[in-house]
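Reading through the structure tokens given below for one structure.
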Ligand SMILES: [Zn+2]
């Protein structure tokens, strides 16, 4: 199945493939559109086979203690990464994270970041951030910046930021050396011919793989033509340098004479300008740059396992230091999509705000949504690293984030869909100060005071127009406790807007017993926010509640395509939400707690520039509602909150 991605012909095809992933993958290009349906079926089947995907009942409840106590370095101490270390116990561990600067990183890449940067950090070594910038057609400045920002946010600092293009001269020299050793030849075959040389698979045109007529060219001729190609003799696709890898014995397509250099005329390279019109391919560049940088452990995903042979072949043939490439299973989230092309379509068709829409699983989106960097690292660590592909449901990711937030962020009360309650038996100027602890039980995070007055707001959901035995919150004649308030309230009447049918105002009494008497303890307590001009309460906010963007666990298998799987209710905006005054203190104290790349004084990036934490570092639990953060669109007049995760699992998703 696996088709080598760079065979010379399909450079354009390869480029298309590359759009899919920031990190180059061996992923196959669908040869024909009519195969699409068949592929979908395979996908469905594969999906069912993948071990972790079978819809488990929610996520296993892990005790919060376990979540907190888990050793954050466990993934390096045991299992696959420990074995890799033992296999090559180099003293000075050196790794690299090598993204192509042609897209936003997604959750899957956070594993590559955690593995490469974390492994180096754990062993006291260094990790390079190397931009694999060998295709000027795809690269954009904004991606260089976005990738660096995300790495800093995750709390890692590259030892150095390098570019494959730093080595263009050296790579060119090695290409000449390779030719001189009869390890490469100039090929002038076209796409069609090269495809045919790879051997026919379909019945109509079945034949074995064969060499092209250029393969036996004299070394001197290839060298002269290579120089001529460099100097502009050929147009793009007219010729390319091809590695002479095997003697037609191996079944590994990564050894089928891959392309080493190709012509790319336009646009100018962002670093080397117009100096070059030939560029090395990924297969030629990656292993040699690893070698130049003295990488000890070149850690990549299993999709590259076939590349290990070509990687080692090239290092050996040009006689340079050979790093050790090892492959781990990639992390894939089900119930969402990661494909750049597909996300681009969602953005273009207005199904999401942008690439950082909190419903997406790009890292910029998770960041904006308020997922703490520490929660992402903790999730990766929890999963551990093996060679198996890990398919994880988004709900399991959310459950991990929820656990993390539960033990770390402060709490306060927010009413997302408020109804006004007037407590008639309290005087107009009644103003009582109530203590609300920021931390959960047994966790001392201090507390704040908030006013309790005659006019309060409660959640629309906490009121019913008719009392019933199975409803323990507010209803006519029924009483309910208010969190942190000494006595309960009882509803006496309510008003409705005739036009909308909505309840607009509730009247209640405060059930303070006369001396000597006691009231029954209420069956349940609800959250509330009071009106008080003295305390500038409430704080008016807009709350955005996000749900899963897709209905199913496998949107890509839905007919006619994933767009049909979009949920209509993936975003609910509550424009009239109100928060209690504790929000101001939480904003002031954020990031609370400090973690990974979120510290009060900012985090220094690889350029020595200090990156201040963003608005999303203001996070809290809105008691009984969910976890929220401040959105980046917040202004001084309009505070916007994003729901990070609910307090419980999202029930709207079909298994
Ligand atoms: Zn040829």
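The values are calculated or read from the model by the stated rules, or taken from the named source; none is laboratory data. Computed from a predicted structure; not experimentally measured. Cβ atoms come from the backbone with ideal geometry, glycine included; neighbour counts cover every protein chain shown.
Somewhere in the range 118-135, is a residue under 30 Å from residue 266 (Cβ atoms) and surrounded by fewer than 17 Cβ atoms within 10 Å (Cβ to Cβ)? Don't jump to the end; show me each part of the working.
Taking the range 118-135 as the starting set, the residues that turn out to be under 30 Å from residue 266 (Cβ atoms) are 128-135.
Restricting the remaining residues to those that are surrounded by fewer than 17 Cβ atoms within 10 Å (Cβ to Cβ) gives none.
No: the range 118-135 contains no residue that is under 30 Å from residue 266 (Cβ atoms) and surrounded by fewer than 17 Cβ atoms within 10 Å (Cβ to Cβ).
Scanning the range 437-463 for residues that are buried (at least 18 other Cβ atoms within 10 Å of the Cβ) and not in a helix (DSSP H, G or I) yields 438, 448, 450, 451, 452, 453, 454, 456, 457, 458, 459, 463.
Within the range 200-215, residues that are closer than 15 Å to residue 256 by Cα sit with their Cβ atoms under 9 Å from residues that are more than 16 Å from the ligand (Cβ to nearest atom) and not in a loop (DSSP other than H, G, I, E, B), at 6+ positions apart or across chains, in these pairs: 200/207; 208/200.
At least 1 residues being surrounded by 13 or more Cβ atoms within 10 Å (Cβ to Cβ), within 12 Å of the ligand (Cβ to nearest atom) and at pLDDT 95 or above is the threshold, and among the strands (runs of 3 or more DSSP E) wholly inside the range 155-248 those reaching it are 184-187, 240-243. When 140, 100, 87 are checked against the criterion of being free of Cβ contacts under 8 Å to residues at least 40 places away in the same chain, surrounded by fewer than 24 Cβ atoms within 10 Å (Cβ to Cβ) and more than 16 Å from the ligand (Cβ to nearest atom), 140 stands alone in meeting it.
For the residues 434, 409, the requirement of being more than 20 Å from the chain's Cα centre (by Cα), in contact (Cβ under 8 Å) with a residue 24 or more places away in the chain, farther than 30 Å from residue 300 by Cβ and crowded, with 21+ Cβ neighbours inside 10 Å singles out 409. Count of the range 548-587 residues, restricted to those that are part of a helix (DSSP H, G or I), touching a helix residue (DSSP H, G or I) at 6+ places or on another chain (Cβ under 6 Å) and within 14 Å of residue 343 (Cα to Cα), is 4. Candidates 299, 258: the one that is within 16 Å of the ligand (Cβ to nearest atom), at pLDDT 95 or above and either within 15 Å of residue 132 (Cβ to Cβ) or in contact with a strand residue (DSSP E or B) (Cβ under 9 Å, 6 or more places away or on another chain) (or both) is 258.
Anything in the range 464-477 that is assigned to a loop (DSSP other than H, G, I, E, B) and either out of contact with any strand residue (DSSP E or B) (no Cβ under 8 Å at 6 or more places or on another chain) or surrounded by fewer than 21 Cβ atoms within 10 Å (Cβ to Cβ) (or both)? List them, or say none.
Residues of the range 464-477 that are assigned to a loop (DSSP other than H, G, I, E, B), as a first pass: 464-473, 475, 477.
Answer for the range 464-477, where residues must be assigned to a loop (DSSP other than H, G, I, E, B) and either out of contact with any strand residue (DSSP E or B) (no Cβ under 8 Å at 6 or more places or on another chain) or surrounded by fewer than 21 Cβ atoms within 10 Å (Cβ to Cβ) (or both): 464, 465, 466, 467, 468, 469, 470, 471, 472, 475, 477.
Strands (runs of 3 or more DSSP E) fully within the range 268-360 that include at least 3 residues being over 28 Å from the mean Cα position of the chain (by Cα): 278-280.
Residue 152 satisfies every condition listed in (1) over 28 Å from residue 276 (Cβ atoms); (2) part of a helix (DSSP H, G or I); (3) within 12 Å of the ligand (Cβ to nearest atom) except (3). Among the criteria (1) at pLDDT below 95; (2) more than 22 Å from the chain's Cα centre (by Cα); (3) on the phi > 0 side of the Ramachandran plot, the one residue 601 does not fulfil is (3). For the range 380-389, the criterion of being at pLDDT 95 or above, surrounded by 20 or more Cβ atoms within 10 Å (Cβ to Cβ), in contact with a helix residue (DSSP H, G or I) (Cβ under 8 Å, 6 or more places away or on another chain) and in a loop (DSSP other than H, G, I, E, B) is met by at least one residue. All told, residue 557 falls short of being buried (at least 17 other Cβ atoms within 10 Å of the Cβ) and closer than 21 Å to residue 463 by Cβ.
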